[in-house]
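Report on the following structure.
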Amino acid sequence: MGVILVSDQKIIVYNRQFLGHNRPTDVLSFALEEAEGEILISAETAEAQAKELRHSLEEELLILAIHGFLHLAGYDDRKIKDRRVMFRETRRILMGCKTNDGKTQT
């Protein structure tokens, strides 16, 4: 699995080509061959979201990488019910990455 940081401009190209959305998004996942995939994360959108949510860029990038991995593992977030499941699973994994002092392990 690869995680690639890209610009908003670059992620718009992929978002338009594969999902038909002509706008930036925070993360896109692409399954390649069996047990392989790539996760594209917009560094610009991640930075803006980190500021808005008042946590570090490092934590936001980790959240987005987890989210992308969950998509590759078969999770979907198109329905509200499924989005909640993905959110809970993201938080569960994120908490497993925290040290006793609350800092994120990378």
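The values are calculated or read from the model by the stated rules, or taken from the named source; none is laboratory data. What you are looking at is a predicted structure, and each value in this text was computed from that prediction instead of being measured. Cβ coordinates were reconstructed from backbone atoms using ideal geometry, including for glycine residues, and neighbour counts include every protein chain displayed.
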Select from region 27-47 the residues that are in a loop (DSSP other than H, G, I, E, B) and at negative phi and list them in ascending order. 32, 33, 34, 36
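Every residue, every condition in (1) at pLDDT below 95; (2) under 25 Å from residue 97 (Cβ atoms); (3) not aromatic (Phe, Trp, Tyr), yes or no:
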{"residue": "6", "(1), (2), (3)": "no, yes, yes"}
{"residue": "15", "(1), (2), (3)": "no, no, yes"}
{"residue": "32", "(1), (2), (3)": "yes, yes, yes"}
{"residue": "39", "(1), (2), (3)": "no, yes, yes"}
{"residue": "64", "(1), (2), (3)": "no, yes, yes"}
{"residue": "73", "(1), (2), (3)": "yes, yes, yes"}
Residue 90 under 16 Å from residue 27 (Cα atoms), modelled with pLDDT under 95, surrounded by 13 or more Cβ atoms within 10 Å (Cβ to Cβ) and not acidic (Asp, Glu): yes
When region 42-62 is examined, which residues are found to be at pLDDT 95 or above and of a type in the set (S, T, N, Q)? 42, 45, 49
As an exercise: evaluate residue 48 against (1) under 13 Å from the mean Cα position of the chain (by Cα); (2) surrounded by 12 or more Cβ atoms within 10 Å (Cβ to Cβ) and give the number of the one condition it does not meet. (1)
Does any residue of region 54-68 turn out to be over 19 Å from residue 95 (Cα atoms) and not in a strand (DSSP E or B)? no
Does any residue in region 8-21 that is within 14 Å of residue 44 (Cβ to Cβ) come within less than 9 Å, Cβ to Cβ, of a residue that is among the β-branched types (Val, Ile, Thr) and assigned to a helix (DSSP H, G or I) six or more places away or on a different chain, and which pairs are these? 8/45; 11/45
Can you tell me which residues in region 1-26 are surrounded by fewer than 18 Cβ atoms within 10 Å (Cβ to Cβ) and assigned to a strand (DSSP E or B)? 2, 3, 4, 5
Residue identified as crowded, with 19+ Cβ neighbours inside 10 Å, more than 12 Å from residue 3 (Cα to Cα), free of Cβ contacts under 8 Å to residues at least 24 places away in the same chain and of a type in the set (A, V, I, L, M) among 70, 32, 57: 70
Part of a helix (DSSP H, G or I), of a type outside the set (Asp, Glu) and exposed (fewer than 12 other Cβ atoms within 10 Å of the Cβ): does that describe residue 81? yes
Only one of 21, 55 that is under 22 Å from residue 74 (Cα atoms) and not small (Gly, Ala, Ser): 21
